[in-house]
1. Take the residues in segment 58-88 that are among the basic types (Lys, Arg) and assigned to a loop (DSSP other than H, G, I, E, B); name whichever of them is nearest to Leu109 (Cα to Cα).
2. Take Glu144 and tell me if it is acidic (Asp, Glu) and modelled with pLDDT under 90.
3. Hey, can you tell me all the residues within segment 172-204 that are of a type in the set (A, V, I, L, M, F, W, C) and within 15 Å of the chain's Cα centre (by Cα)?
4. Report yes if Ser112 is surrounded by fewer than 18 Cβ atoms within 10 Å (Cβ to Cβ) and under 18 Å from the mean Cα position of the chain (by Cα), otherwise no.
5. Select from segment 272-299 the residues that are modelled with pLDDT of 75 or more and within 13 Å of Tyr101 (Cα to Cα) and write down the one among them that is surrounded by the most Cβ atoms within 10 Å (Cβ to Cβ).
6. Within segment 240-266, how many residues turn out to be open to solvent by 10 Å² or more (accessible area, probe 1.4 Å) and either modelled with pLDDT of 95 or more or of a type in the set (Gly, Ala, Ser) (or both)?
7. Restricting to segment 184-220, give me the number of residues that are of a type outside the set (S, T, N, Q), open to solvent by less than 10 Å² (accessible area, probe 1.4 Å) and farther than 16 Å from Ile296 by Cβ.
8. Residue pairs, Cβ under 7 Å, 6 or more apart or interchain, first in segment 42-57 and part of a helix (DSSP H, G or I), second of a type in the set (Asp, Glu). List them.
Amino acid sequence: MSNLMQSVDARTKLAGTNKLEMLLFSLGTDRRTQRKEVYGINVFKVREVMRTPPITRAPEMPDSVEGMVSLRGVLVPVVDLVKYTRINSQSDGGVMIVTEYNGYTQGFLVESVDTILRLDWSSMKVPPEMLKAESGGLVTAVTELPDGRLVMMMDVEKVLAETTGYDNALAFSAIEPMENHDLMVFYADDSHVARKQIQRTLEALQVKQQGAVNGREAWDALQRLANQAEAAQKPLRDMVQLIITDVEMPEMDGYMLTKSIKSDPRFAGIPVVMHSSLSGGSNQSLGKSVGVDGYISKFEPQRLADAVAGYLRKAA
């Protein structure tokens, strides 16, 4: 128990240091390229790793969903990542990573897990366009290990969205637009799926928006806006009324971005809301430790719209 508490305490201290812990895993050797790719997932999203238990087949599920398993009395869907990624591998999916994020629990079948790696988000780079295209947007960040291997951070939010079908267009149609259309929201998220959800929510609210694909790009863009406000001799909050940030992002994470914003007096009066699939209580506490003003789980458009509208009404 003491070791567990030390581990929790160590991870808590990562907030605001731009560091993360990532579980490395493999989907086997691709017979077409003869490469054994290494993928990663944030440890905060991993509940446990186990040998794959018996899977009960279920009808009318996507091809990559193998079925359901019972974990301590709870039925959990199981996604075969080899099938999902269309890697031509001989992997038997002998290991299951049980993940929990965005209010969902699911199992990911992989060939093997390697180790837990602690590194700096600044070493995680935006993937080149060729890799983005080859992976279909599945890779959100890459880094090179000391031994020369390339590690690719997998967009597990995209996996969840495409295997559960929880992207409900009706949720956006129920959002009522704001009366003041001159208000502006700035957002940062490295996941294409998540950015699309934010965009659609803000479009439904009929407010202005500007986005970035990671924390570093967001901070650079916000600095430019702050400089423009100074040159115009007006407060920055007249130009930006709300900032929404993801937590996990290459180059600079949401904790570091929030810490930078809150330590710059030019951003005084502009609330920062974390919009993350890491919706557990511990992660919300980490957000509060760096000064976030609110915390909203991803892929709940109405909740996001209500929160955004509430902050914007206060700013108007």
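The values are calculated or read from the model by the stated rules, or taken from the named source; none is laboratory data. Only a predicted model underlies this, so the values are computations on that prediction, with no experimental measurement involved. As a convention, Cβ positions derive from the backbone with ideal geometry for all residues, glycine included, and neighbour counts pool all protein chains shown. The protein model used for the area step is the full one, side chains on, heavy atoms only, and it has no ligands, DNA or RNA in it. Shrake-Rupley method; radii C 1.70, N 1.55, O 1.52, S 1.80 Å.
1. In the first step, residues of segment 58-88 are kept if they are among the basic types (Lys, Arg); the result is 72, 83, 86.
Among the residues that remain, those that are also assigned to a loop (DSSP other than H, G, I, E, B) are: 72, 86.
Working: Arg72: 18, Arg86: 13 Å.
Of everything passing the filter in segment 58-88, Arg86 is nearest to Leu109 (Cα to Cα).
2. Details: acidic (Asp, Glu): yes; modelled with pLDDT under 90: no.
No: the conditions fail for Glu144.
3. Scanning segment 172-204 gives Ala188, Val193, Ala194, Ile198.
4. Details: surrounded by fewer than 18 Cβ atoms within 10 Å (Cβ to Cβ): yes; under 18 Å from the mean Cα position of the chain (by Cα): no.
Criteria not met by Ser112.
5. His275
6. 7
7. Residues flagged as of a type outside the set (S, T, N, Q), open to solvent by less than 10 Å² (accessible area, probe 1.4 Å) and farther than 16 Å from Ile296 by Cβ within segment 184-220 amount to 3.
8. Correct list of pairs: Val43/Glu21; Lys45/Glu100.
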